[in-house]
Amino acid sequence: MLRMHGRDLTIDKPHAPATARNREPILAELRTVLAGRRRVLEIGSGTGEHAVHFAAALPQLIWQCSDLPENLPGISTWLKDAALPNTPPPLALDVTADTWPAARYDAVFSANTLHIMGWEAVVTMFRRLPEVLEPDAVLAVYGPFHRDGAATSASNAAFDAQLRARDPRMGVRDAAAVDVLAAAAGLRLIADIAMPSSNALRVWKSGEVRP
Ligand SMILES: C[S@@+](CC[C@H](N)C(=O)[O-])C[C@H]1O[C@@H](n2cnc3c(N)ncnc32)[C@H](O)[C@@H]1O
């Protein structure tokens with residue numbers, strides 16, 4: 001094994017170009033959305049690039065990455081190279097798996113995941129979320145959303161078609177349908193922030209009475 005600074009150089013360092021474009025607008029909103037928070041669980045960390053950017057800029061937070069097991073080596077590579085004090089090793093978390101983290105968090109963040117997971121997985125994620133949320137936690141989800149069953153831009157319509165052609169389980173989710181899942185999990189929408197490129201950052205708060 002070829003190692004440098006404790007990192008296995010045989011593991012490729014993954015890179016998602018979109019993160020370089022969207023990380024600053026997301027961070028600008030997270031500074032407010034995550035103000036006063038201490039422990040963030042990120043679901044579907046992907047490459048880990050968002051995590052190192054946000055954790056470096058928000059040092060008061062512990063930023064806990066998670067993703068499917070196969071993505072953890074790449075995330076670990078980014079975390080080890082950044083060597084931040086507030087990014088513990090990533091957790092294996094498939095939202096459809098029986099085992100979820102035992103810890104609780106006062107914030108959960110997830111970017112560009114709901115349209116990749118099948119709808120059943122999205123349903124399961126919202127059903128299980130209360131297990132990891134402290135009272136008065138916030139959930140912040142970034143990505144494209146349809147409104148009233150329709151795409152909000154030609155680019156989102158094309159993206160949705162592309163996803164569904166790739167895998168019929170994928171697809172841009174309707175904001176209202178996600179809100180129904182959130183409400184059933186005791187989460188109330190508190191912010192719906194328009195973001196560049198027809199994306200949104202949607203924020204819910206826990207501790208609400210279930211309908
Ligand atoms: C398009 S990537 C987004 C990655 C990163 N958040 C970003 O914005 O660049 C979607 C992520 O969702 C993760 N994912 C898909 N299905 C999942 C599941 N069932 N449980 C947890 N994560 C899942 C994938 O592994 C992948 O990292």
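The values are calculated or read from the model by the stated rules, or taken from the named source; none is laboratory data. All values reported here derive from a predicted model rather than from experimental measurement. Positions of Cβ are backbone-derived with ideal geometry, glycine not excepted, and every protein chain shown enters the neighbour counts. For the accessible areas, the whole protein counts, side chains as well, though only heavy atoms, and no ligand, DNA or RNA atoms are used. Shrake-Rupley method; radii C 1.70, N 1.55, O 1.52, S 1.80 Å.
Among the residues of the range 102-111, those identified as in contact with a helix residue (DSSP H, G or I) (Cβ under 8 Å, 6 or more places away or on another chain) and open to solvent by 20 Å² or more (accessible area, probe 1.4 Å) are A103, R104. Condition first: at pLDDT 95 or above and away from the ligand (no atom under 13 Å from the Cβ). Now tell me which residues in the range 7-26 satisfy that. Residue satisfying the conditions is E24 alone. Pairs linking a residue in the range 50-77 that is in a strand (DSSP E or B) to a residue that is open to solvent by 30 Å² or more (accessible area, probe 1.4 Å) and more than 10 Å from the ligand (Cβ to nearest atom), with Cβ atoms under 6 Å and 6 or more positions apart or on different chains, are I62/R39; Q64/P88; S66/L91.
With respect to the conditions (1) open to solvent by 60 Å² or more (accessible area, probe 1.4 Å); (2) within 12 Å of the chain's Cα centre (by Cα), L114 falls short on a single one, namely (1). Only a single criterion out of (1) open to solvent by 10 Å² or more (accessible area, probe 1.4 Å); (2) closer than 23 Å to R173 by Cα is not satisfied by I43, namely (1).
If you check Q60, Q64 for being modelled with pLDDT of 95 or more and either in contact with an Asp or Glu (Cβ under 7 Å, 6 or more places away or on another chain) or surrounded by 20 or more Cβ atoms within 10 Å (Cβ to Cβ) (or both), only one passes: Q64.
With respect to the conditions (1) surrounded by fewer than 20 Cβ atoms within 10 Å (Cβ to Cβ); (2) under 22 Å from A194 (Cβ atoms), P69 lacks only one, and its number is (2). Restricting the range 17-39 to residues that are over 16 Å from I190 (Cα atoms) and touching a helix residue (DSSP H, G or I) at 6+ places or on another chain (Cβ under 8 Å) leaves a set whose member that is surrounded by the fewest Cβ atoms within 10 Å (Cβ to Cβ) is A20.
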